[in-house]
1. Whole-Hz ³J(HN,Hα) for each residue in the stretch 297-307, computed from phi via Karplus 6.51 cos²θ - 1.76 cosθ + 1.60 with θ = phi - 60°, x for glycine and proline: what do you get?
2. By its C-alpha gyration tensor, with a ≥ b ≥ c as the square roots of the eigenvalues, how is the stretch 251-314 shaped: rounded for a/c under 1.5, else prolate for a/b larger than b/c, else oblate?
3. Efficiency by 1/(1 + (r/R0)^6): what FRET value for residue 168 and residue 260, r their Cβ-Cβ distance, R0 = 22 Å, to the nearest 0.05?
4. Where does helix 5-36 land angle-wise versus the long Cα axis of the chain, in degrees 0 to 90, nearest 10?
5. Cysteines of the chain lacking any other cysteine beta carbon under 4.7 Å?
6. Kirkwood hydrodynamic radius, computed over distinct alpha-carbon pairs, for the chain: how many Å, to one decimal?
7. Per 0.36 nm of contour for each residue apart, how much would the distance between residue 239 and residue 134 grow if the chain were fully extended, relative to their Cα-Cα spacing?
8. Quick one: helix 48-73 against the long Cα principal axis of the chain, what's the angle to the nearest 10°, folded into 0 to 90?
Amino acid sequence: MKNDPIKMGRISTIDTARGIALVAMTIYHFTWDLEFFGWILPSTTLQYGWVWFARCIASSFIFLVGVSLVLAHKDEIKWRSFAKRLAMVIIAAAVISIVTLLTVPGGFIFFGILHGIALFSLLGIFFVCFHWAIPLIAGILVLVIEKTVSAELFSKPVFWWVGLAPSDPPSNDYVPLFPWFAAALFGIAVTKFALQKDWLAQLTKWKTPATLEKPLSFIGRHSLVYYLVHQPILMGMIWCFTALVGPPDPTPAFLNMCERQCVINNDKTYCTSYCSCVTEGFKSGKVFQPFLEGRATIENNETIGSVISLCSTEQK
């Protein structure tokens, strides 16, 4: 087994690919953390490009789940090793849910990427035994169902994991069965097709520079541990930096929020002038910080109302 080129190529290539996905995930999470601490503008990670970046990262992880299932169980399903790995993922998912419930209850992760991987592994293992066309068709059906089926029944918390509610429930990471299981099924289909065509041996010929392959392959082999520890480390670094240099200036974030709300009913030129006027008025009236922190007094509210009224009149 040690000299099996397909197995060796499979391990090296898949671990490197998973390592690349982990690096991309770290970039996204670091950006999210900067936004959380106020160092970049609010809703940065909700912009179109960042949303698709996050979806591509999640899709790649789940696709690799399907790839790994086939490569690990292509000869026969090794139930003991499968159950051990599945239990580790379930425990890690539970830890994520508990920690986020305690720290961010308004958006805690009840069915995120690890929860999805656990479910997709449990369901996907049964597709490993079929011809590659079966998981391919099943994956397409998953996407079709997600696009065409929606019911209030699935809005009940007990069915949130399904993903067929009219709107997504609040969560900082939401990876339900529909449509995300499709990525795992496609991973199974592609890998089984590659095995049938004897293409996997070609993966050993794809060489990554050693300076990149070693660290990428290392974190790829320890992806679960990396996933669990990278966010506390990133947030700890930003927290320490913030404690050292002081909190960021909230003015850009306030202006951005003000203008985004203003342009709904007004033109951009008016909104730029109006929001600048409000910002300066709040600061000169010493109500800027109380307003941001939601602790304005009756006197503050009078000042806030006066500033808004004055700026609305002046900018027209």
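1. Once rounded to whole Hz, the list reads 8, 4, 5, 4, 4, 5, 5, 4, x, 5, 5.
2. The shape class here is prolate.
3. The calculated FRET efficiency here is 0.55.
4. Compared with the principal axis, the helix lies near 10 degrees.
5. Result for the chain is 56, 129, 240, no neighbouring Cys Cβ within the cutoff.
6. Evaluated over the chain, this radius sits at 22.8 Å.
7. 32.9 nm
8. 20
No value in this document is a laboratory result; all are computed from the given coordinates. Source: prediction; values computed, not measured. Neighbour counts are summed over all protein chains in view; Cβ atoms, including those assigned to glycine, are modelled from backbone coordinates with ideal geometry.
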